[in-house]
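Participant: Below you will find the structure I want to go over with you.
The values are calculated or read from the model by the stated rules, or taken from the named source; none is laboratory data. Nothing here was measured: the structure is a model prediction, and the numbers come from that model. Methodologically, a virtual Cβ is constructed for each residue, glycine included, from the backbone with ideal geometry; neighbour enumeration extends over all protein chains shown. Only protein heavy atoms, including side chains, enter the accessible area calculation; ligands, DNA and RNA are left aside. Shrake-Rupley method; radii C 1.70, N 1.55, O 1.52, S 1.80 Å.
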Amino acid sequence: MPWTMDDYPQSWKNFDKLKRKKAIDIGNAMLKDGYKEQDTIPIATKQAEEWYKDASKEDLNKLKNKKITQHEEDRSANPKLNEKDVHVYFEDDEWKIKTDGAKQASETFDNKEDAMKRARNITSNRDTAIIEHKKNEN
């Protein structure tokens, strides 16, 4: 059953109304894609906070009228990967982040520090580990 503006996780109760609506929207989309509720809440919380901080007046107005309980399933989503460790490795002259079992890297960076920072962010949400590779490792 999707979350609504009247029924949502307790941790969102002190959010501004539109920030809460964004968290519910993100959370409902994730649940539709098969993510577990305990994984969804911290990710939706963080993404909603970041979105709200940078949202324009136009973004906020669009959200006011959005239906947050209706989402199409994203066939590319793979929630099982949330339980896997994250590799940071160098390939094709760039640093990449790839989850164990994923078909391809999810993100690329010019330097290792930025890749590691992003990997730490990902793994802290998932409670998984980073597998750090050296530049010349295959």
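Participant: Taking every DSSP beta bridge with both residues inside the chain, roughly what % is antiparallel (nearest 5)? Mind dumping the intermediate values first?
Facilitator: Working: 9 of 12 bridges.
Within the chain, antiparallel bridges account for around 75 percent of the total.
Participant: Follow-up. Only one of the listed values, (1) 113; (2) 130; (3) 98, was derived from the coordinates as volume of the Cα convex hull per residue in Å³; which label is it?
Facilitator: Label of the calculated value: (2).
Participant: Can you tally the net charge around W95? Count Lys and Arg as +1, Asp and Glu as -1, for every other residue whose Cβ sits under 13 Å from the Cβ of W95.
Facilitator: Taking every other residue near W95 into account, the sum is -3.
Participant: GNM on the chain, C-alpha springs below 10 Å: top fluctuator among A23, A119, A102?
Facilitator: A102
Participant: Counting only C-alpha contacts under 8 Å and six or more residues apart, can you give the relative contact order of the range 96-138 as a whole percent?
Facilitator: 23
Participant: Could I ask something else about it? Have a look at Q47, L81, N61 and report the one farthest towards the positive end of the charge dipole of the range 15-120, computed about the Cα centre with Cβ charges (Lys/Arg +1, Asp/Glu -1).
Facilitator: Towards the positive end, the residue furthest out is N61.
Participant: A further question on this structure: How many percent of the accessible area of the range 2-105 is carbon or sulfur, using a 1.4 Å probe?
Facilitator: 41
Participant: What's the magnitude of the charge dipole for the chain around its Cα centre, counting Lys and Arg as +1 and Asp and Glu as -1 at the beta-carbon? Answer in Debye, nearest 20.
Facilitator: Roughly 600 debye for the chain.
Participant: Let me ask something else. Can you give the angle from 0 to 90° between the axis of helix 17-32 and the longest principal axis of the chain, with both taken from C-alpha atoms, to the nearest 10?
Facilitator: 60
Participant: Here's something else I'd like to know. For each pair in K96/K134; K21/K84; K21/K117; K21/K64; K21/K98, compute the distance between the two Cα atoms and list the pairs where it is over 20 Å.
Facilitator: K21/K84; K21/K117; K21/K98
Participant: Still on this structure: Treat each spin label as a single point 7 Å out from the Cα along the C-beta direction, and report the H133 to E83 distance in nm.
Facilitator: Rounded to a tenth, the inter-label distance reads 2.5 nm.
Participant: If I take every Cα pair under 8 Å that is 6 or more residues apart in the chain, average their sequence separation and divide by the length, what percent do I get for the relative contact order?
Facilitator: Values: 173 pairs, mean separation 28.6, N = 138.
RCO, the chain: 21 percent.
Participant: Go ahead and estimate [θ] at 222 nm for the chain from helices alone: -39,500 (n - 2.57) per DSSP H run with n ≥ 4, summed, over the residue count, rounded to 500.
Facilitator: After summing the helix terms and dividing by residue count, I get -13500 deg cm²/dmol.
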